[in-house]
Structures are given as structure tokens and as C-alpha cells.
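Every number in this text was worked out from the coordinates using simple rules, so none of it is lab data. In this text the structure is predicted, and so the values were computed from the model without any measurement. Here Cβ is always computed from backbone atoms with ideal geometry, including for glycine, and neighbour counts include all displayed protein chains.
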Amino acid sequence: MDAEESRPDAPPPVPDGSTREVNAAAEPGSGPADPRGEVHGSTPTRQGEKAEESKVGRLKAVLAGGPPPGPTRPGFWRSPIRGPWLTSVFGLVLLIGIPVMFVTGLLSYAAYNPDLAAVNDQTPDKGWLGFYLFSWPTDPSWLYRLTQGVHVTLGVVLVPVLLAKLWSVIPRLFSWPPVRSVAHAVERLSLLLLVGGALFEFVTGLLNVQLHYIFPGSFYTLHFYGAWVFIGAFVVHITFRVPVMVRALRSRRLRTELRTDTAATVPEPPDATGLVSPRPAPATISRRGALGTVGLGSLVLFAVTAGQSIGGSLRRTALLAPHGQEPGSGPNGFQINKTAASVGIRATDIGPQWRLVVRGPGHESILTREQVLALPQHEAALPIACVEGWSTADQHWSGVRLRDLAAMAGFPGQAPEVFVESVERGGSFGSTVLRANQVQDPRSLLALRVNGADLSPDHGYPARIIVPANPGVHNTKWVTRLTFGAAS
Amino acid sequence: MSRLPSGFRARYGASPLHLLLVLCSFALALYAGVRLLKGDTVGVAVWFVAAALVHDLVLLPLYTVTDRALQLLLPGRDGGSGARAGGGWINYVRVPGFVSLLLLVVWYPLILRRVPGFQLTTGLAPGTFLGHWLLITAALFAGSALCLLVSTVRAARQRQPRARKR
């Protein structure tokens, strides 16, 4: 491929004025931030054209099997630090990070108990993709805080690594000829699913946590099925690339690289991966510098994001994350997923006319708020954790145990599942079904008060569900009816 | 036995294992993809393909051109090109610039106030993010300037003793 540079229709940079100028300007550095002069590579093209290369000549070159001028020529890509070792370092980070994201994502889906009832399932067409579903536990109470906090924060932190990885393999996108064999063709198709799937997942996830719903459909549908489209291509990719990655990582010592400054930075030896530039520009950044820049990007993203999942005094450090500030002060001054106003709750819905209906087979009680307050009250310290990744520290809730309400509805022993309905109008989460293990847990409450005060309207006044380790949207607010022993 | 795979390899371009694994992944992708594309089929397909290309064909050319422009603008320490081997000032701009733009790319809907319902939904003030981003950007460049100052002073000190010896 390097021989390409000596083809008559694409002379290597010759000492003509324009070339020199471009060369001086283009020394590519590298690092994801810096796009080392790829554009620069277009020089031969311009020269070729200057040399009165006709369209016919170019066509001939194409037909002869050589790459046309431009990015398909290896010499177009000039970063001296691009190479299999650097790519493999980014690849290794993603190899660890992406499976963690996939697993925590699957756990989040399981946490909704979608197999329990249709109202719990945002992706009812899932078929076999729900093969792994299990009863979501209530212990530890911070389980969903942890899994979803990791899922979202890790996703944010991996963005620069993913971009750097894509930067590092850009010559492969333009490899020539575009298709070498059937195997190469299917591999490229697989890469479309890999790269498209990865970015589709990152983009929909990042937009969703910022409530920027511009994607074409339900977030749950897109993110869940998108993940499955992606993961097959990911497994194929790692199966065939991990050996290459291991070889590349062994080819250089990390410690040595971390001691090599820009002046001493030289390209990796050319190899079959086609990543090493045959025409490298002088280094403007070392591999250490490139890794450090990407690492700094991840670190800063972590610093301005993680606080929303840790809470307490660290929440304020989440300067750019959606839930980095407190909505207010006092007992009800903690994070709100959706305010009463945003889901159309009217004052009359939750005023003195509000009633709680508790149903079981052949049983129905209708209670005023005073009557609910007169039932035995219990306390539980539990967090709120949202699918968007943010969560709160434990809040001190008090109210009636769900299993006491189950007993009232005719289930004095083992509590069954319960269908919970809110006064919310429309919306995806106006009702939900909680599993028997969730109802049975002594910390699961129909809460009336929090942190020593009545619930505020935004936190679900007059009464809301709070269940340990439950995804936030299943801790239904403004509850008006509980139907025990009957999945929706 | 060994002949069959090698003949296969010549025609297909890789091992049978490669073909089987890829077909397996395609079947899974199709199974999930049918469900993914249900509804707004064209919209989702466009988003998926655009996602595959957005970095390589949009972001990469953009940041490459920006970086080259920077290299043209910034002289090296020796007065030559900023891209002279060994660096120059370029990385003192690149690194904070990269981090700042990265924050913008990740959190742009909030920073640029693209989310009209944010306050109504969460009860949180929507106007804080732009200010935070600008202050973080200022801090990043200030930190970089400090690093440059330290490195310049250090370089000057190293030069002085040598000059005296002469």
C-alpha cells in the first residue's frame, strides 16, 4: 500500500510552494482533541490535479486497483501516534466498560419487573430478549441506586474513550479496496452495527437523561433493542480483535510509553492493521499526552456528573449533570422526577375529596387520608433512584406497610402482588404492578410523610409508594387505588 | 478435513468460524432490529446510520480542521510552527479546548437550553448549566496557563546555568 505513494498520479509531496506550506502547518499531533492534520493528506490530490490528471486518468487508477486520491490512501492519515498499541489501550478500556454498561442496562430492565404485568413492560415485543428476567430483589435497598448510577455515570465517562477509539481507527473506514472478500464485506456490515449501535446507545442515553426527547420513538424501545443490535456485533468484534489487541498491548510497555515525551515520540512499526501512517508527520503530542488528554476528559466528566448519583453535599459538584442542584430545602427538598404540575395533577385530585381504595378478592375499603393515618404507621429509610442515573440518599419515610394493607384486603399471610394506580392522567407510569416480594418487605410503605413532614404535592401527596431498590418511576406518587392479588 | 476449510478460506476470506459467528450476530441483530424499527422505521434507521457516521464524517473533520487552524495560528516556542516536533504552545490550548468541547458535546441540551420542559418537570433551575460550563472552561484554560507558566520558568532556569558556564 505504501507503494501507492510513488504512483505517478499521486506524487509524494514535492518541493513546490504549496506543499511546503501545507506541511509546515499540518503536523498532526494527536490526541483525540487534535486531529493531526488528516486534511493535510489531500495535498497529493491537489498536486495530482495540478499535474493535469484527467478524470480518465483517475478512473484508470481506480480500475487499476489503487485507491483514489484522498482518505483511502494510507498516506492521507499522518498522525505519528496512531497505531495498534494506542488503539488497543482505548479498546481495552471499552472492553471492560461496555460489558458493565450492558449488564447494568439489562439489570435496569429487570428492575421494572416487566414479566409481571403489561403495565410494567415498556417493550412488550421483547420475545426471547427477556430470557434472563428474574424477580427484582428489595435488598440491598440501594441496589438500583448503584446499578443505574454506574450505568449512566460510566456511559458519560466513556464518551471520550469511545471517540478516541473511533479517531484511532479512522484509516480503516477508508481502507481500499472497500470490499476485499465476502468475509471483509460481512465484517464491514458488522462494523456498521457495532459503531452505529454504540453511538446510537450513547446518544439516546445522553439525550434521555437530559430530558431531550428528540429521538424517534420511546426511549425504552430504542435503548433496549438498540443494545441487543449492538451487543452481537460487539461480541463478534472482540472475538476476532482481542488476540490482535493482546499482541499490540504486549508490543510496547505502558511504563515506557508513560515516560516518553513528545520529542521522543516515534510511530509504531508498520504492521498489518494498517493503522500506522506510512507518511507520519512529526509528533506534536506524545502517546502519553494523548492518553492523558482522554483520561482527563473522562475525569472531568466524572467530576461534573457523579455527584447526582451520590447525593448529599457532593450533589453540588455535579455542575453539568441534570440533577446537580436541590429543588428546595426542608423535609421535601430532595430530587423530584416529575412534578405534580408536569403530569397534570389538579388540586381537586389530591384535596379533601381524595380517597384511597384498597381492594382484594371480594373486598374493598375506601379510606380518607385521616383514616389511612390512623392505621399503624411504620418508618423506613429508603432512597429514590431514577433510571436517569440520579438518586438521593436515604429519606425517612413513614406510612402504612404494604403488607398490612394486603392483610386488610384479605391476604393476612403471604402478601400477593399489587396493582397500584395513581390519579395521574395518562403518562407511562400512572400505574404499576409490584411483585409479592416487594409487597412483603417490611420497609415497603404507602408513605404519607417524609423526613417528619407531610409529603409535598411534588413528592406524591396525599400518599405514595416507596419500596426498597425499586426504580423511581415504580414508586408511584399520588396513589389512589391498590388492588391486591390481581395483576393488571 | 483440512482441505475443506482452506478451500473455504480462499473463497470466503476467513475461517468458517468467522462466518458462523457473524451470521449468529446478524440473526440476533435482525431479531432485535425488527423490534427497534417498529414504529418510526425511517426515523430510527436514519438515526442509527447517522450515529455510525457522525463521528467519522462530521466530528472528525470538524476537530481536525479546528486543530490545524490552531496550529497555523500558534507559533512554536522557538518562533517556528506550533506543530514543530517537541510541541510548542499547541497542547496548552488543545487540552483545555478538548475537555471544554467534550463537556459541551455531552451536556449540550442542558448547556444550550434545548430542553423546554426541564424546569416544569424537575423543579430545577434550567439556567445554571451555561454559566457552569463557561466557568469550568475558564478554569481549564487558567489551569493550562499555569502549567505553561511553570514550564516556561523551568525552561528558563535550565537555560540560565548553561549560559553562565559559557
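Could you go through segment B:120-134 in sequence order and give the Karplus-derived ³J(HN,Hα) for each residue, using 6.51 cos²θ - 1.76 cosθ + 1.60 with θ = phi - 60°, rounded to whole Hz, and x for Gly and Pro?
4, 6, 9, x, 9, 5, x, x, 7, 6, 4, x, 4, 5, 5
To the nearest Å, what is the center-to-center distance of segment A:144-203 and segment B:41-73, using C-alpha atoms only?
Spelled out, the Cα-based centre of one part sits 14 Å from the other.
Going by the alpha-carbon gyration tensor, a ≥ b ≥ c the square roots of its eigenvalues, is segment A:341-484 rounded (a/c under 1.5) or, if a/c is not under 1.5, prolate (a/b greater than b/c) versus oblate? Working shown, then result.
Working: a/c = 1.34, a/b = 1.14, b/c = 1.18.
Rounded is the answer for segment A:341-484, as its axis ratio a/c remains below 1.5.
Go ahead and estimate [θ] at 222 nm for chain A from helices alone: -39,500 (n - 2.57) per DSSP H run with n ≥ 4, summed, over the residue count, rounded to 500. Write down the numbers at each step before the final one.
On the way: 14 runs with 189 residues, N = 488.
Estimated from H runs of four or more residues: -12500 deg cm²/dmol.
Angle between the Cα long axis of helix B:16-37 and the longest principal axis of chain B, 0 to 90 degrees, nearest 10?
90
Given a Förster radius of 25 Å and the C-beta distance between residue A:96 and residue B:135 as r, what FRET efficiency does 1/(1 + (r/R0)^6) yield to the nearest 0.05?
Numbers: r = 33 Å, r/R0 = 1.30.
Efficiency computed from Cβ-Cβ geometry: 0.15.
Quick query: amide H of residue A:73 versus all other amide H atoms, modeled in the peptide plane; which residues come in under 5 Å with a sequence gap of 5 or more or a different chain?
Correct list: empty.
Taking each residue of A:253-265 in turn, how many C-beta atoms of other protein chains fall within 10 Å of its C-beta, and what is the average? Present the calculation step by step, with values, prior to reporting the outcome.
On the way: counts 0, 0, 0, 0, 0, 0, 0, 0, 2, 7, 4, 2, 3.
For peptide A:253-265, the averaged partner shielding equals 1.
Roughly how big is chain A's charge dipole about its Cα centre, with Cβ charges of +1 (Lys, Arg) and -1 (Asp, Glu), in debye to the nearest 20?
Values: 43 positive and 36 negative charges, 152 e Å.
With Lys and Arg at +1 and Asp and Glu at -1, about 720 debye.
Which order do the peptides B:10-21, A:114-125 take when ranked by the mean count of other beta-carbon atoms within 10 Å per residue, highest first?
Values: B:10-21: 14.2, A:114-125: 17.1.
Averaged packing, sorted descending, gives the order A:114-125, B:10-21.
What share of Cα pairs, in percent, lie more than 48 angstrom apart in the protein assembly as shown? Numbers along the way, then the final one.
On the way: 57325 of 213531 pairs.
Here the long-distance tail beyond 48 Å is 27 percent of all Cα pairs in the protein assembly as shown.
Pairs of alpha-carbon atoms within less than 8 angstrom and 6+ residues apart define the contacts here; what relative contact order does segment A:341-484 have, in percent? Working shown, then result.
Details: 316 pairs, mean separation 41.0, N = 144.
29 percent.
About its Cα centre, how strong a charge dipole does segment A:390-458 have in debye, to the nearest 20, once Lys and Arg get +1 and Asp and Glu get -1 at the Cβ?
140
If you average the alpha carbon positions of segment A:425-484 and of segment A:236-303, how far apart do those two centres end up, in angstrom?
50
With runs of 4+ DSSP H residues as the only contributors, calculate the mean residue ellipticity of chain B at 222 nm using -39,500 (n - 2.57) per run, divided by the residue total and rounded to the nearest 500. Intermediate results must be reported in sequence, preceding the final value.
Values: 7 runs with 124 residues, N = 166.
Result for chain B: -25000 deg cm²/dmol, rounded to the nearest 500.
Give me the net charge for the shell around residue B:115: Cβ to Cβ below 15 angstrom, other residues only, Lys and Arg +1, Asp and Glu -1. Walk me through the numbers on the way to the answer.
Numbers: positive: A:338, B:113, B:114; negative: A:388.
That sum, taken over residues with Cβ under 15 Å, equals +2.
Using Cα centres only, tell me the gap between segment A:339-416 and segment B:111-139 in whole Å.
34
Using the beta-carbon distance between residue A:246 and residue B:151 and R0 = 30 Å, what value does 1/(1 + (r/R0)^6) give for FRET efficiency, to the nearest 0.05? If you can, show how the numbers build up before the last one.
On the way: r = 36 Å, r/R0 = 1.22.
It comes out at approximately 0.25.
Using θ = phi - 60° and the Karplus form 6.51 cos²θ - 1.76 cosθ + 1.60, what ³J(HN,Hα) does each residue of segment A:271-286 get, whole Hz, x for Gly and Pro?
So the Karplus estimates, Gly and Pro as x, are 8, 6, 5, x, 8, 7, 5, x, 9, x, 7, x, 6, 10, 8, 8 Hz.
Please identify every one of the trypsin sites (Lys or Arg not before Pro) in segment A:103-199 that sits in a loop by DSSP and has no more than 13 other beta carbons within 10 Å of its own beta carbon.
Numbers: sites: A:126, A:145, A:165, A:172, A:180, A:188; in loops: A:126, A:180.
Here the trypsin sites (Lys or Arg not before Pro) that fit, given the DSSP loop and packing criteria, are A:180.
If each of residue A:313 and residue B:40 carries a label point 7 Å out from its Cα toward its Cβ, how far apart are those two points in nm?
For the pair residue A:313/residue B:40, the computed spacing is 4.5 nm.
Once fully extended, how much extra length lies between residue A:341 and residue A:131, figured as 0.36 nm per residue of separation less the alpha-carbon to alpha-carbon distance?
On the way: separation 210, 0.36 × 210 = 75.60 nm, distance 3.81 nm.
Gain on stretching residue A:341 to residue A:131: 71.8 nm.
Can you pull out the trypsin sites (Lys or Arg not before Pro) in segment A:247-278 whose DSSP state is coil and whose Cβ has at most 11 other Cβ atoms within 10 Å? Could the numbers behind the result be given before it?
Working: sites: A:247, A:250, A:252, A:253, A:255, A:259; in loops: A:252, A:253, A:259.
Answer by residue number: A:253, A:259.
Sort A:334, B:8 so the one with the fewest other Cβ atoms within 10 Å of its own Cβ comes first.
Values: A:334 22, B:8 14.
So the residues, fewest neighbours to most, are B:8, A:334.
With r defined as the distance between the Cβ atoms of residue A:189 and residue B:65 and R0 fixed at 22 Å, what FRET efficiency is calculated, to the nearest 0.05? The partial results should precede the final answer.
Values: r = 30 Å, r/R0 = 1.37.
Efficiency, from the Cβ-Cβ distance: 0.15.
Once phi is turned into ³J(HN,Hα) by the Karplus curve 6.51 cos²θ - 1.76 cosθ + 1.60 with θ = phi - 60°, what whole-Hz value does each residue of segment A:80-89 show in order, with x for glycine and proline?
x, 9, 5, x, x, 5, 4, 4, 5, 5
Obtain the nm distance between the two label points defined at residue A:379 and residue A:266 by a simple spin-label model: each point lies 7 Å from its Cα along the Cα-to-C-beta direction.
7.1
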